[in-house]
Amino acid sequence: MTDSNYDEIMQLLCDRLSSLTNSSAQISPETNLISQLSIDSIKLLNLIMEVEDAFDISIPINALADVQTVRELVDLVHKIKSAS
């Protein structure tokens with residue numbers, strides 16, 4: 001499934017995560033947001049607000065409970081964006 005929207009979301013999230021973390025970790029779809037990037041709740045909320053603005057969507061906070069990896073976050077954003 002190569003959806004340009006999906007790739008765009010992945011690129012944006014990877015870019016934002018790189019700037020949010022001081023980690024030199026390589027960010028991939030399998031990267032764990034908490035254990036590998038040390039994203040805390042404040043950083044996550046800032047990221048979500050940026051994503052919501054970038055794609056003009058609204059991400060329910062409870063939907064984030066199951067998100068652990070970059071790919072899961074991209075999947076969530078893509079699903080919400082596709083439905084809107």
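The values are calculated or read from the model by the stated rules, or taken from the named source; none is laboratory data. All values reported here derive from a predicted model rather than from experimental measurement. A quick note on method: Cβ atoms are made from the backbone with ideal geometry, for glycine too, and the neighbour counts reach across all protein chains shown. These area figures cover heavy atoms from the full protein model, side chains too; ligands, DNA and RNA do not enter into them. Shrake-Rupley method; radii C 1.70, N 1.55, O 1.52, S 1.80 Å.
Tabulated data for the structure shown
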item: Neighbours by Cβ (under 8 Å, 6+ apart or cross-chain): first from region 25-49, closer than 17 Å to Gln11 by Cα; second open to solvent by 80 Å² or more (accessible area, probe 1.4 Å) and among the polar types (S, T, N, Q); result: Ala25/Gln36; Asn32/Gln68; Leu33/Gln68
item: Number of the exception - Asp15 against (1) free of Cβ contacts under 8 Å to residues at least 12 places away in the same chain; (2) over 13 Å from Val74 (Cβ atoms); result: (2)
